[in-house]
1. What residue, among those in segment 190-207 that are surrounded by fewer than 16 Cβ atoms within 10 Å (Cβ to Cβ) and either outside the structural domain of Gly277 (by TED's automatic domain parsing) or not polar (S, T, N, Q) (or both), is nearest to Pro288 (Cα to Cα)?
2. I'm checking my understanding of the structure. Among residues of segment 45-71 that are out of contact with any Ser or Thr (no Cβ under 8 Å at 6 or more places or on another chain), farther than 13 Å from Glu146 by Cα and modelled with pLDDT of 95 or more, which one is surrounded by the most Cβ atoms within 10 Å (Cβ to Cβ)?
3. Restricting to segment 187-233, and then to whatever is polar (S, T, N, Q) and modelled with pLDDT of 90 or more, can you tell me which residue is farthest from Glu81 (Cα to Cα)?
4. Only one residue in Leu123, Leu119, Leu105 is in a helix (DSSP H, G or I), at pLDDT 90 or above, in contact with a helix residue (DSSP H, G or I) (Cβ under 6 Å, 6 or more places away or on another chain) and surrounded by fewer than 21 Cβ atoms within 10 Å (Cβ to Cβ). Which one?
5. Just to be sure I understand, how many residues within segment 245-292 are closer than 19 Å to Phe116 by Cβ and of a type in the set (Lys, Arg)?
6. Please go through segment 17-61 and give me each residue that is farther than 27 Å from Leu123 by Cα and among the β-branched types (Val, Ile, Thr), ordered by number.
Amino acid sequence: MNKPRQEFEQHFERHFEQHRSLLYGVAYRMLGSVADTEDILQETYLRWHQSKDIKNTKAFLITVVTRLCIDQLKSARHQREEYIGSWLPEPLVKKLGHQKGSDELLHLSETLSFAFMVLLEKLNPTERAVYILKQAFEFEYAEISEVVNKTESHCRQLDHRARKHIANNRVRYETDKQTHQRLYANFMKAIGSGETEELVKILASESILYSDGGGKVKAALRPIFGADKIARFFIGIGKKFSGRISAQPAILNGALGIITFDQGEIQGAISFAIKQGKVQNIFYISNPDKLKHIPSILDAAPKSASDSAT
């Protein structure tokens with residue numbers, strides 16, 4: 001590549017990188033998939049690179065990303081409806097102690113939590129886009145109108161409808177790190193000991209487990225309700241994989257969670273939603289398709305369950 005052409009390409013890349021944080025944050029919240037988000041950003045870059053006379057780069061890029069995401073959600077609606085078991089987003093994973101960088105990149109907030117992402121699934125694609133742009137990124141309705149190609153008044157209606165639905169189903173969870181760490185340690189200790197009663201103690205009586213195996217691995221096809229049933233589910237896993245399962249804590253979608261390993265291979269990702277000092281909801285992802293992006297992020301797996309509980 002000659003020097004002028006190289007400089008031209010670098011110029012494009014620099015300008016695109018200035019907006020990558022915003023673009024990634026919008027696309028992931030729309031799609032709930034790391035791989036699909038990367039694909040959308042790549043397609044957006046190509047379209048921008050091939051376009052001419054762009055007066056407002058940010059507006060152009062966010063419009064392309066959002067419309068591509070809306071189209072993808074519409075085409076994937078049937079797949080989501082036919083999905084085997086509970087659908088959960090691919091986890092955004094970070095190692096403990098490395099909370100800068102990706103947090104800034106993704107504008108981490110509760111709008112990335114598993115509980116919140118599940119609520120977003122109830123919105124239609126355009127409602128979801130309007131809600132995300134307005135509530136997560138504070139776009140003005142006039143800007144959103146241009147992005148989704150709807151009138152400003154229509155965008156207000158879509159946002160109002162989305163906010164009403166979210167508010168009716170939303171639970172405010174605790175984000176205190178010490179509480180998360182204590183419950184994580186007690187969770188692993190209870191599974192390691194096989195004591196159902198000890199696990200029940202850290203679960204809210206009305207807790208719910210959402211398990212996503214995607215039909216690829218054995219998982220609960222429907223949510224499991226109640227502390228006792230959930231405890232027996234996890235104790236059963238612990239006994240089935242006795243001596244094989246290990247785990248390490250990690251940041252999952254902005255909160256402390258657990259990555260589990262079966263003889264060194266990533267087996268699952270577990271995230272807690274905590275309320276009043278107890279685990280209210282558990283989101284357990286074991287679909288291997290949703291875990292394959294994780295190995296490059298984490299260090300080597302813990303050698304044993306006892307190693308991982310410290």
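1. Gly194
2. Residue satisfying both the conditions and the ranking: Cys69.
3. The selected residue is Thr196.
4. Leu119
5. Count: 2.
6. Ile54, Thr57
The values are calculated or read from the model by the stated rules, or taken from the named source; none is laboratory data. Just so you know, these numbers come straight off a predicted model, no measurement behind them. Note: ideal-geometry Cβ built from the backbone for every residue, glycine included; neighbour counts use all protein chains shown.
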